[in-house]
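For reference, the structure discussed in these notes is given below.
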Amino acid sequence: MTSRDDAYWPVTGSEPALLDVTLGQLLDDQATRYSDRPAVITYDFDRDICASWTYRDLKSAADNLARGLMGWGVDKGDHVAVMSPNRQEWVLLEYALAKIGAVLITVNPAFHSIELDYLLRQGQATHLIFAERYRKMSIVEMLTDMLAGSDVREGAVSSEVYPKLRGLAVIGDAKGIALPFDALTDLARHVSESALAARQRLVSPHDVMQIQYTSGTTGRPKGAMLTHHSTINNARLMGERAGFRADDVMLSAMPFFHTAGCVCNVIGMLAAGGCLVTMDAFDPEKMLALWEKHAATIINGVPTMYSRMLHHPDFQDRRTDSLRLANAGGTSIPPSLMRQLKEATGADPMIIMGMTECSPIITVTNYDDPFEVQISTAGTPLPHTEIRVINPETSQPCEWGEKGELCIRGYLVTKGYYDMPDKTAEAIDADGWLHSGDLAVLDRQGHLSVVGRLKDMIIRGGENVFPVEVEDFLLTHDAVSQAQVVGVPDADLGEEVFAFVLPKDGANLTQKELQDYCRANIARHKMPKYVRIVEAFPMTANGKIQKFALRDMAAEMAKEGG
């Protein structure tokens, strides 16, 4: 039971109704409705490739790849990991895998072997489709080492290390362990259109469509299972609240391996019938040029991206008044930045609060509110979304305006963490409430403000970093006895990673040595910007490390340059 004073927002009304379709069916429907309108334009600056599709062309290309994947032996329910930056192949894979009922496991292309090994094992991947390289890292060479001793021939895999893994395909010109991506489309000739149609009919809107790994509150990364139903309706309701239109052009560099890219951007524009213009990596100069070239009406980015564009010398020379909506999330949004954007471009703020486990959007700016309210809160809950704020110690409801843990319930909540029933039960209670770990305040009008985190998650430039992962990795260094990792404020990226390290007795250890070790073995966004070698940690009376004291120390040290 709830009282009128409880910080609780119920599901209000039944409109708009939730759709009960698969992603493949939605693409088919929009290809009929918006046949010759532009759907997606991808800029792959690394390979100097630009690709574009109308809605009709996008459906045709996705269907052809779907038949090729079937010819490759991808079955309904198989787990296909995709490890690549934003590329034309990624877009087609998202749709093609959905059409044949396979589950897409999204993989950050910056991952090193330790991180990829975990995802392949825990996610029980049956196939891996990967870019030849990412920045200076050869993914081909990394996989060749990881699969040493396995039987790998023309993309077919038999491995004791990865017993579920059956196939490898590479995006790029590499030859050797993997099937070239183009060969997948060639396999389509072995599978008829009627066979694809029959497979597509077997896919249910409530089937798992993606596994998105998130660090959550404790332990190793957990694979949140998101369905066709949860992601499609979430992207659609987000777009309807914001006012997405069929004549919109959304420009974004948000990575597809995050829900911000593959749900908010790809499915959000599909549901609206608009056009998505995407880049393989953020670059302020190139993004400003695309903004002007395509007369972007919506941009989805994190505050760092907007700040770097606003302060870039090209900004004044580019036409930016086409922008209608500036979508921002992933970290705290400085109101001053949104005011500056409004003054410089005329764009309205579209501030969101989300989490992977919620498919991902929970709240979006309410445009009936005054501008100052719009830029100072994370908006109000989307339709069909129930939220409440509770005391994290007692689980009792908080009152309006009182700080507590944010809980969410509804169609948007993950089906659970893949193959982790205990972790699922920890996060989602018996009544279906997902406990977010975020400290939030809810007012009577439904405005949500996130004021902190129960969990220790660091959000660096929109990328989630969980301290336990970095701490566990630092302990693999021969000279490290203990490690503690915290986040510190950063004007550019929101937060940076700060590591306190206790060396083993007699060990000679330097900051540079540890940072070089991290740089060679873990993704860049997890690498500590600051490392402090210590002789001891601050402790509580019962022998626990005082992490709050480390945070305070780190914040002061970071101000002084580490």
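The single condition from (1) touching a helix residue (DSSP H, G or I) at 6+ places or on another chain (Cβ under 6 Å); (2) surrounded by fewer than 20 Cβ atoms within 10 Å (Cβ to Cβ); (3) without any contact (Cβ under 8 Å) to a residue 60 or more places away in the chain that G71 fails is (3). Among the candidates P313, P349, the residue that is touching a Lys or Arg at 6+ places or on another chain (Cβ under 8 Å), more than 14 Å from A260 (Cβ to Cβ) and either at pLDDT 95 or above or assigned to a loop (DSSP other than H, G, I, E, B) (or both) is uniquely P349. Assess whether F537 counts as being in contact (Cβ under 8 Å) with a residue 24 or more places away in the chain, part of a strand (DSSP E or B) and surrounded by 15 or more Cβ atoms within 10 Å (Cβ to Cβ). Here the answer is no, as F537 does not meet what is asked.
Where residues in the stretch 277-304 are part of a helix (DSSP H, G or I) and touching a strand residue (DSSP E or B) at 6+ places or on another chain (Cβ under 8 Å), which of them is surrounded by the most Cβ atoms within 10 Å (Cβ to Cβ)?
Going through the qualifying residues, I end up with M287.
Quick check on the stretch 128-147. Is at least one of its residues touching a strand residue (DSSP E or B) at 6+ places or on another chain (Cβ under 6 Å), surrounded by 23 or more Cβ atoms within 10 Å (Cβ to Cβ), among the aromatic types (F, W, Y) and not assigned by TED's automatic domain parsing to the domain that holds V470? Checked against the condition, which is being touching a strand residue (DSSP E or B) at 6+ places or on another chain (Cβ under 6 Å), surrounded by 23 or more Cβ atoms within 10 Å (Cβ to Cβ), among the aromatic types (F, W, Y) and not assigned by TED's automatic domain parsing to the domain that holds V470, the stretch 128-147 yields at least one hit.
If you take the residues in the stretch 199-254 that are part of a loop (DSSP other than H, G, I, E, B) and touching a Cys at 6+ places or on another chain (Cβ under 8 Å), which one is nearest to L128 (Cα to Cα)? I'd like the intermediate steps shown before the answer.
In the first step, residues of the stretch 199-254 are kept if they are part of a loop (DSSP other than H, G, I, E, B); the result is 202-207, 215-221, 243-248, 253-254.
Restricting the remaining residues to those that are touching a Cys at 6+ places or on another chain (Cβ under 8 Å) gives 248, 254.
Details: D248: 34, M254: 22 Å.
Out of the qualifying residues, it is M254.
Contact map, the stretch 375-387: first residue closer than 12 Å to R241 by Cβ, second residue assigned to a loop (DSSP other than H, G, I, E, B) and aliphatic (A, V, I, L, M), Cβ cut-off under 8 Å, separation 6 or more or different chains; pairs are L382/L412; P383/V11; H384/V11; H384/L18; H384/L412; T385/V11; T385/L412.
The residues of the stretch 388-408 that are farther than 24 Å from I459 by Cα, in contact (Cβ under 8 Å) with a residue 24 or more places away in the chain and not acidic (D, E), listed by number, are P397, C398, W400, G401.
All conditions but one from (1) exposed (fewer than 13 other Cβ atoms within 10 Å of the Cβ); (2) more than 31 Å from the chain's Cα centre (by Cα) apply to A491; the one that does not is (2).
Residue pairs whose Cβ atoms lie under 6 Å apart, sitting 6 or more positions apart in sequence or on different chains, and linking a residue in the stretch 166-185 that is part of a strand (DSSP E or B) to a partner that is of a type in the set (D, E, K, R), are V170/E132; I171/E89.
In the stretch 48-62, the residues that are closer than 20 Å to V249 by Cβ and surrounded by fewer than 17 Cβ atoms within 10 Å (Cβ to Cβ) form Cβ pairs under 6 Å with partners that are modelled with pLDDT of 95 or more and among the small types (G, A, S), at six or more places apart or across chains, as follows: R56/A31; R56/S35. None of A296, A271, A281 is touching a Pro at 6+ places or on another chain (Cβ under 9 Å) and closer than 19 Å to V91 by Cβ except A281.
Within the group M353, M309, which residue is buried (at least 23 other Cβ atoms within 10 Å of the Cβ) and either over 23 Å from G410 (Cα atoms) or not assigned by TED's automatic domain parsing to the domain that holds T12 (or both)?
Selected residue: M309, the only one of M353, M309 that is buried (at least 23 other Cβ atoms within 10 Å of the Cβ) and either over 23 Å from G410 (Cα atoms) or not assigned by TED's automatic domain parsing to the domain that holds T12 (or both).
Would you pick out the residues in the stretch 47-103 that are under 19 Å from T32 (Cβ atoms), part of a strand (DSSP E or B) and not hydrophobic (A, V, I, L, M, F, W, C)? Within the stretch 47-103, T54 is the sole residue that qualifies. Residues in the stretch 418-449 that are assigned to a strand (DSSP E or B), over 19 Å from the mean Cα position of the chain (by Cα) and hydrophobic (A, V, I, L, M, F, W, C): I428, L439, A440, V441, L442, L448.
The values are calculated or read from the model by the stated rules, or taken from the named source; none is laboratory data. Keep in mind that this is a model prediction, so the values were computed, not measured. Using ideal geometry, Cβ is built from the backbone for each residue, glycine included, and neighbour counts are taken over all protein chains shown.
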